[in-house]
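Read through the structure below, which is laid out as structure tokens, and then see the notes.
Quick note: the coordinates plus some simple rules give every number you see, no bench work behind them. As the structure is a prediction and not an experimental result, all values here were calculated from the model. Cβ: placed from backbone, ideal geometry, glycine included. Neighbour counts: every protein chain shown.
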Amino acid sequence: MEGSLLRNKGYITLMVAQLISSIGDWLSIVAIITMVGLKWNASPIEVSLIILCLAVPMALFGPFAGTFADRFNRKTLMVVSDLVRAGLVIMLIFATTIWMVYICLFGIGLFAALFIPAKNGKLKELVPDHQMKSAMSITSMIDSGTKVLGPLLSGLLVTAFGSTPVFVIDSATFILSAILLITLPASALAEPLESEKSKSSSFRKDFVEGVNFMKGNQFLLVGLSILTISLLILQLSDSQIIVLIRELTNASPDLFGIIVTGSGLGMFFSGWILSKKTDYKPILLMLFGVFGMGVSFGLLAVFTGMDLAHSILWGPGLGLVAGFSAGIVFIPFQAAVQTDTPVHITGRVFGVINSATTTATIIGPLLGGILVTVFGVIPMFITTASLLVIMSLVGLLFRSKIERSENDVSKGEQGAQGAASS
């Protein structure tokens, strides 16, 4: 199955474009933080606003961007998004105040919010459903791989040449991505998309159609709830790992970076395994992933409280477990959504999903910082771990009911497709 997927030229082109632009994203993020934090001596709040400027547009405009991705040509939207972001990155070179940086980053985040649902919709056009699990696994491998390589490469480039050349390189990656996307084929699956668009009388009608689809799909709602709630709980502590490390007596200065690298490798391995083995139950795998994240964060807190020696070994090891567990939460859900969602509303559905998950990544760190200040970092990690483990166990009690609803949805869609083709 994977072999035939890798012979899909449209899919390969889309993945290469994603790889190039993702590396560029990480290059610029590290360069911006370095420029603002070290060269401009920005305050901690000013630095935190950098990430918020990228995330807030996704949280606010994700569902609306998804509707645009379904109403207009997805390839064109991706190309325009890449070219606009290339220009905004170049503008960072000429930024003289932190507010200019914020405005550029907000624009980059806004067009990223448009790009992501358009990309997922195009992926649905290019890849048949029976290959979707492998396709989403490979996509996750690219994301996690760039998470490891991007910051490392950016750190080396910023140290050697400064921030300006990194911004130029990042802009070039967006342009190269746009050139590749122009060559994407018009999939045969795109034809129903055009006929569906002609039936739509308004933007509002399209938006409501996407919302109604999600409301009527119990599996999608339950899966999104598991994903969003677990991500919110996780972010309460994940953003405070550097604070947890400070509790250790003899922690290596590089421990935080190594733990993050371990996490990225864990997600990469989960993507690799799931690209090979696709006959899994999505909800069961997601619940095991939530349990694994809880256990790994709990052990991080326990070992830190014990001031256990050799943190350079167990820290990255638990980061690897946490990253692997996160991978088997995200990948099965996204693959199931791609398979269950009709091609003409894929953008809307993924727009809502991206909005929900991004909101969790915004609220979680902010709330986590307050709770850690009040209750302490180790109790917060223990609480996070306990909530994740409890959530996974409760989910296992209701798993059979959820999976029945998933099977009912799949049978209904197969019946609809059969009726349409007869």
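Key figures for this structure:
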quantity: Protection proxy ranking of 265-276, 286-297 - average other beta-carbon atoms within 10 Å, highest first; calculated: 286-297, 265-276
quantity: When the convex hull of its Cα atoms is projected in every direction, mean area for the chain (nm²); calculated: 20.4 nm²
quantity: At R0 = 60 Å, FRET efficiency that the Cβ-Cβ distance of Thr249 and Lys215 yields, to 0.05; calculated: 0.70
quantity: C-alpha center-to-center spacing [segment 206-228, segment 268-320] in angstrom; calculated: 28 Å
quantity: Net charge over other residues, Cβ less than 15 angstrom from the Cβ of Phe291 (K, R count +1; D, E count -1); calculated: +2
quantity: Kirkwood-Stokes translational diffusion coefficient of segment 202-413, alpha-carbon pairs, 25 °C, 0.890 mPa s, µm²/s; calculated: 135 µm²/s
quantity: Solvent-free Debye scattering, log10 I(q)/I(0), computed from the Cα coordinates of segment 1-199 at q = 0.08, 0.17 Å⁻¹; calculated: -0.29, -1.14
quantity: Residue exposure sequence - His130, His310, His344 - by fewest surrounding Cβ within 10 Å; calculated: His310, His130, His344
